[in-house]
Amino acid sequence: MNRFQIRTANPSDAEAIIHVHYAAVHQTASGFYPSTILEAWSAKPGETRYQWMRNLIANGDEIVVVGEAESGILGFGLLIPKMEELRALYVHPAAGRRGIGKQILHVLETRAAAQSILRLWLNASLNAEAFYRSNGYTTLSRCRFRLSADHEMDCVKMEKHFGGSPPG
């Protein structure tokens with residue numbers, strides 16, 4: 001297994017993050033969604049998307065981490081603490097099944113717990129549901145996520161409680 005580290009993203013990582021997102025969506029999820037949904041979910045990388053990611057990282061409202069090896073960024077994750085939401089976790093398909101996603105998830109959960117967040121929720125893509133379930137997330141409901149005015153994708157609302165028992 002190649003060595004990798006998880007670290008906080010910085011704006012100079014934006015292009016690599018967008019390329020990981022594009023590859024993961026268009027390759028890993030291609031068996032679960034039609035091409036029109038894949039394109040609405042992740043348009044071709046370009047300066048507009050790079051700048052959006054640079055701004056998101058620089059803003060500091062979200063926690064963004066990357067999984068990096070000598071060869072470059074292999075994956076990333078994004079957490080919105082104020083919403084207790086795990087917004088994104090993607091690994092480049094060429095680096096899949098090496099534990100990178102699990103490590104990114106663990107770092108994000110640890111950072112959430114450090115901010116006294118006891119529960120995270122997410123809208124998982126259909127191809128990611130089993131990954132989250134294997135990492136302790138439970139399914140709340142099937143849902144649709146609006147990608148654009150013209151496109152919605154099927155997804156699974158999931159959550160995980162840590163540091164205590166679920167509210168009851």
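The values are calculated or read from the model by the stated rules, or taken from the named source; none is laboratory data. Keep in mind that this is a model prediction, so the values were computed, not measured. Quick reminder, even Gly has a Cβ in these numbers, built from the backbone with ideal geometry, and neighbours come from all protein chains shown.
Okay, residues lined up against (1) surrounded by 19 or more Cβ atoms within 10 Å (Cβ to Cβ); (2) at positive phi; (3) at pLDDT 95 or above:
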position: 13; (1), (2), (3): yes, no, yes
position: 21; (1), (2), (3): yes, no, yes
position: 60; (1), (2), (3): no, yes, no
position: 70; (1), (2), (3): no, no, no
position: 73; (1), (2), (3): yes, no, yes
position: 84; (1), (2), (3): no, yes, yes
position: 87; (1), (2), (3): no, no, yes
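Report, by residue number, each residue of the stretch 79-88 that is over 17 Å from residue 129 (Cα atoms) and in a strand (DSSP E or B).
79, 80, listed by residue number.
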Restricting the stretch 25-39 to residues that are in contact (Cβ under 8 Å) with a residue 24 or more places away in the chain and in contact with a Leu (Cβ under 9 Å, 6 or more places away or on another chain), the one surrounded by the fewest Cβ atoms within 10 Å (Cβ to Cβ) turns out to be 32
>> Take residue 98 and tell me if it is touching a residue at least 12 places away in the same chain (Cβ under 8 Å), of a type outside the set (Asp, Glu) and under 20 Å from residue 28 (Cβ atoms).
In response: yes
Filtering the stretch 107-140 down to residues that are out of contact with any helix residue (DSSP H, G or I) (no Cβ under 9 Å at 6 or more places or on another chain) and touching a residue at least 60 places away in the same chain (Cβ under 8 Å) yields 107, 126
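Out of the residues in the stretch 3-49 that are in a loop (DSSP other than H, G, I, E, B) and of a type in the set (S, T, N, Q), state the one that is nearest to residue 145 (Cα to Cα).
Per the stated criteria, the residue is 42.
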Over the stretch 40-57, the set of residues touching a helix residue (DSSP H, G or I) at 6+ places or on another chain (Cβ under 9 Å), in contact (Cβ under 8 Å) with a residue 40 or more places away in the chain and closer than 23 Å to residue 154 by Cβ is 41
Residue 68 passes all but one of the listed conditions (1) charged (D, E, K, R); (2) part of a loop (DSSP other than H, G, I, E, B); (3) touching a residue at least 60 places away in the same chain (Cβ under 8 Å); the exception is number (2)
